[in-house]
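Participant: Pasting a structure here, questions to come.
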Amino acid sequence: MKIINNENKNNIHKKLNKNISVQIEELAILLKKKNADKKENRLAVIDTQFPWMKSGFRYWENLEIYKQLPNTLFFAVNPYIDDFPANVFHISEFPNLVESEGITHVYSVFLNLTLSLLGETRTSNGIEIPGAISGINIEPLMKFHDIKLCSTIYPGGGLDPTTPKEFLRIINENCYRVFTNAEEVLKEIPKAILTPVIVNTDFYSYKPRRYIKENKIIITFCANKGERKGFPNLVNAFNRLEEKFHLNIIGDWKNELYLLTNMNYTYYGPQNPEIIRDIYWNSHVFINCSYHDIYALDGFPTTAAVDAMSTGCLLITTNSREDSFFLKSGLDYILINVNDPDELIEKLEWVAQNFNDALRIADNGAVSIREQFNNKKNVKKKLSFIMQ
């Protein structure tokens, strides 16, 4: 006969309680997983200033996200006034809507915004990411609600080849999906998905080219003011061109116009997308002279360049990144050396003397842009990865 004393009873009770606790914990995990499996995925897009059509690809991308995934929620650090088919919430409303709206995924663009959302804007030795935004750290909320953060990291927005790799490692550790067209990101984040900047190819529709204005070759330069845009290099070349060329200038370059001695130009200043598109439709050549300055190195090709190419403009451009991911020099565009100011003149003279050949390159470029950079195709690709 087995005698059970009080001490034995206590031990038995402890074992039973422990086993029951383990079972309850395991059951809770299973229930949580089951509920998570049943929970409908819900995407929230967070932008800086939005909806703002002049932000270019970000506006078109978000519009296409809405079209393909209409239950997406949109947030902005600084809500703007341009038309958009969905309500755009201020970022301060995000905590109140996380649970009530069932947000499961967050998507943002650019390194500095994504790091700001994570509250990780400084390296371990105190270097701050350019363009950091204080007060929008939602990492605790994302962690508590098991929200998956996804990001597109294009050049600009705090990223250039000199950006501390620690920032990219933070992205690698904290982001579910990462999309990029930058080689330095692909090297540091093995899971990153190569994705071109998008173009609304329906808006920037293709039109065949011809001699448009008094049999002149129309050149367009479009960029926000910045040292790396190479405006003086463009002016240096244009001042030495013959009258058969006409230059359109789009952007905030009013204070630099004094550099021009060749008066065959039209200055438009900053413009909205509809006017810019009309200018592209009436241009033969789009010129990009950008290079790496102390602040940033533009992506290749720039967003303005791909918009212009989509309409049928021939791209004559520098390629400081030596990027050959999507476009081929001589087939889709004409390459110039940033350190050779005479080369731009030579290429433009070649266009004048070989106009039909130049148009064939422009048409090849338009096909490549419309096939590879198309907003519908690339948003569908991104969403297929994000919402898995």
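The values are calculated or read from the model by the stated rules, or taken from the named source; none is laboratory data. Bear in mind the structure is a predicted one, so any value in this text is a computation, not a measurement. Glycine gets a Cβ as well: all are built from the backbone with ideal geometry, and neighbour counts include every protein chain shown.
Participant: What residue, of I361, I316, I345, is touching a Gly at 6+ places or on another chain (Cβ under 9 Å), at pLDDT 95 or above and over 18 Å from L194 (Cβ atoms)?
Facilitator: After applying the criteria, what remains is I361.
Participant: Is it true that E139 is surrounded by 14 or more Cβ atoms within 10 Å (Cβ to Cβ), touching a Gly at 6+ places or on another chain (Cβ under 6 Å) and over 21 Å from L297 (Cβ atoms)?
Facilitator: yes
Participant: Looking at E256, E227, E243, which one is at pLDDT 95 or above, of a type outside the set (S, T, N, Q), out of contact with any Gly (no Cβ under 8 Å at 6 or more places or on another chain) and farther than 17 Å from T311 by Cα?
Facilitator: Selected residue: E256, the only one of E256, E227, E243 that is at pLDDT 95 or above, of a type outside the set (S, T, N, Q), out of contact with any Gly (no Cβ under 8 Å at 6 or more places or on another chain) and farther than 17 Å from T311 by Cα.
Participant: Another question about this same structure. Among the residues of the range 63-120 satisfying the criterion of being out of contact with any helix residue (DSSP H, G or I) (no Cβ under 8 Å at 6 or more places or on another chain) and among the hydroxyl-bearing types (S, T, Y), which is surrounded by the most Cβ atoms within 10 Å (Cβ to Cβ)?
Facilitator: S116
Participant: While we're on this one: Can you tell which of G102, G135, G126, G156 is within 21 Å of the chain's Cα centre (by Cα) and of a type outside the set (S, T, N, Q)?
Facilitator: G156
Participant: Out of the strands (runs of 3 or more DSSP E) lying entirely within the range 81-183, which hold 1 or more residues that are more than 21 Å from V197 (Cα to Cα) and touching a His at 6+ places or on another chain (Cβ under 9 Å)?
Facilitator: Strands (runs of 3 or more DSSP E) meeting the threshold: 148-153.
Participant: Given (1) surrounded by fewer than 22 Cβ atoms within 10 Å (Cβ to Cβ); (2) in contact (Cβ under 8 Å) with a residue 40 or more places away in the chain, identify the lone condition not met by K225.
Facilitator: Failed condition: (2).
Participant: I'm trying to understand the selection: among the residues of the range 155-194, which are among the hydroxyl-bearing types (S, T, Y) and either surrounded by fewer than 16 Cβ atoms within 10 Å (Cβ to Cβ) or not assigned by TED's automatic domain parsing to the domain that holds L118 (or both)?
Facilitator: Within the range 155-194, just T162 meets the criteria.
Participant: Please go through the range 257-275 and pick out each residue that is surrounded by 12 or more Cβ atoms within 10 Å (Cβ to Cβ) and either of a type in the set (D, E, K, R) or assigned to a loop (DSSP other than H, G, I, E, B) (or both).
Facilitator: Within the range 257-275, L260, N262, N264, P270, Q271 meet the criteria.
Participant: Now a separate question. Name the one entry in D278, D293, D340 that is within 18 Å of Y206 (Cα to Cα) and surrounded by fewer than 16 Cβ atoms within 10 Å (Cβ to Cβ).
Facilitator: Of D278, D293, D340, the one residue that is within 18 Å of Y206 (Cα to Cα) and surrounded by fewer than 16 Cβ atoms within 10 Å (Cβ to Cβ) is D278.
Participant: Return the pair list, or none, for Cβ contacts closer than 8 Å from residues in the range 117-133 that are closer than 25 Å to H90 by Cβ and assigned by TED's automatic domain parsing to the domain that holds G158 to residues that are aromatic (F, W, Y) and at pLDDT 95 or above, at least 6 apart or on different chains.
Facilitator: E120/F167; I129/F167; G131/F110
Participant: Then there is this: Inspect the range 68-75 for any residue being part of a helix (DSSP H, G or I), more than 22 Å from S116 (Cβ to Cβ), out of contact with any Cys (no Cβ under 7 Å at 6 or more places or on another chain) and assigned by TED's automatic domain parsing to the domain that holds N137 and give the result as yes or no.
Facilitator: Checked the range 68-75: at least one residue is part of a helix (DSSP H, G or I), more than 22 Å from S116 (Cβ to Cβ), out of contact with any Cys (no Cβ under 7 Å at 6 or more places or on another chain) and assigned by TED's automatic domain parsing to the domain that holds N137.
Participant: For R321, state whether it is surrounded by fewer than 22 Cβ atoms within 10 Å (Cβ to Cβ), under 22 Å from the mean Cα position of the chain (by Cα), part of a helix (DSSP H, G or I) and in contact (Cβ under 8 Å) with a residue 24 or more places away in the chain.
Facilitator: In short, no.
Participant: What are the pairs with Cβ atoms under 9 angstrom where one residue, in the range 260-288, is in the same structural domain as Q353 (by TED's automatic domain parsing) and over 13 Å from F221 (Cα atoms) and the other, located anywhere, is surrounded by 14 or more Cβ atoms within 10 Å (Cβ to Cβ) and of a type in the set (D, E)? Sequence gap at least six, or different chains.
Facilitator: Cβ pairs passing all conditions: P273/D307.
Participant: Let me ask something else. Of the residues L234, L241, L247, only one is part of a loop (DSSP other than H, G, I, E, B), surrounded by 16 or more Cβ atoms within 10 Å (Cβ to Cβ) and more than 21 Å from the chain's Cα centre (by Cα); which?
Facilitator: Checking each option against the conditions leaves just L241.
Participant: Identify, from the list N272, N288, N339, N282, the residue that is of a type outside the set (D, E, K, R) and either in contact with a helix residue (DSSP H, G or I) (Cβ under 6 Å, 6 or more places away or on another chain) or at positive phi (or both).
Facilitator: N288
Participant: A further question follows. Examine the range 354-364 for a residue that is surrounded by fewer than 19 Cβ atoms within 10 Å (Cβ to Cβ) and closer than 28 Å to T180 by Cβ, and state whether such a residue exists.
Facilitator: Scanning the range 354-364 turns up at least one residue that is surrounded by fewer than 19 Cβ atoms within 10 Å (Cβ to Cβ) and closer than 28 Å to T180 by Cβ.
Participant: Something else about it: Look through Y333, Y295 and report the one residue that is over 27 Å from E371 (Cα atoms) and either more than 19 Å from the chain's Cα centre (by Cα) or not β-branched (V, I, T) (or both).
Facilitator: Y295
Participant: Is it true that some residue in the range 141-153 is of a type in the set (F, W, Y) and in contact (Cβ under 8 Å) with a residue 24 or more places away in the chain?
Facilitator: No: the range 141-153 contains no residue that is of a type in the set (F, W, Y) and in contact (Cβ under 8 Å) with a residue 24 or more places away in the chain.
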